[in-house]
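The next block holds one structure in the form of structure tokens; read it before the comments.
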């Protein structure tokens with residue numbers, strides 16, 4: 001019995017992927033990855049732990065937090081220095097509000113696009129060979 005070619009695997013079903021990004025100048029102030037990072041910081045109490053949970057380095061996580069903190073009127077993440085008691089991070093009240101508002105806006109956008117997405121994906125070709 002012949003083995004299936006790795007290049008002929010069936011395509012997953014069609015889907016629409018909306019990614020809302022809020023820009024301030026050329027910088028992405030908030031997007032899906034940064035919102036995920038805010039949630040991870042909220043859940044872990046640490047930028048380092050949040051980064052690890054998301055598969056990124058502490059430096060990368062810190063740079064994303066720094067960008068968010070600079071782009072908004074007030075910081076979204078507050079940090080405490082380490083030491084004997086160990087440091088930590090938490091969302092500020094503004095950070096919590098921004099996260100809730102972003103998730104709500106993303107849900108509204110996805111719901112609004114759902115009807116049109118069905119009509120658009122129905123026009124996609126099916127069963128195409130690579």
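Just name the residue that is modelled with the lowest pLDDT out of those in region 110-130 that are surrounded by 10 or more Cβ atoms within 10 Å (Cβ to Cβ) and over 24 Å from residue 35 (Cβ atoms). Top of the filtered list is 118.
For (1) on the phi < 0 side of the Ramachandran plot; (2) in contact with a strand residue (DSSP E or B) (Cβ under 9 Å, 6 or more places away or on another chain); (3) surrounded by fewer than 16 Cβ atoms within 10 Å (Cβ to Cβ); (4) in contact (Cβ under 8 Å) with a residue 12 or more places away in the chain, each residue gets a yes or a no:
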position: 80; (1), (2), (3), (4): yes, yes, yes, no
position: 93; (1), (2), (3), (4): yes, no, yes, no
position: 99; (1), (2), (3), (4): yes, yes, no, yes
position: 108; (1), (2), (3), (4): yes, no, yes, no
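What number of residues within region 53-75 satisfy the criterion of being at negative phi, part of a loop (DSSP other than H, G, I, E, B) and out of contact with any strand residue (DSSP E or B) (no Cβ under 8 Å at 6 or more places or on another chain)? Adding up the residues that qualify gives 6.
Determine if region 76-90 includes at least one residue that is modelled with pLDDT under 95, assigned to a loop (DSSP other than H, G, I, E, B) and within 30 Å of residue 123 (Cβ to Cβ). Checked against the condition, which is being modelled with pLDDT under 95, assigned to a loop (DSSP other than H, G, I, E, B) and within 30 Å of residue 123 (Cβ to Cβ), region 76-90 yields no hits at all.
When 40, 53 are screened for being over 16 Å from residue 102 (Cα atoms), at pLDDT 95 or above, touching a helix residue (DSSP H, G or I) at 6+ places or on another chain (Cβ under 7 Å) and surrounded by 14 or more Cβ atoms within 10 Å (Cβ to Cβ), only 53 passes.
The values are calculated or read from the model by the stated rules, or taken from the named source; none is laboratory data. The model shown is predicted, which means the values in this text are computed figures rather than measured ones. Methodologically, a virtual Cβ is constructed for each residue, glycine included, from the backbone with ideal geometry; neighbour enumeration extends over all protein chains shown.
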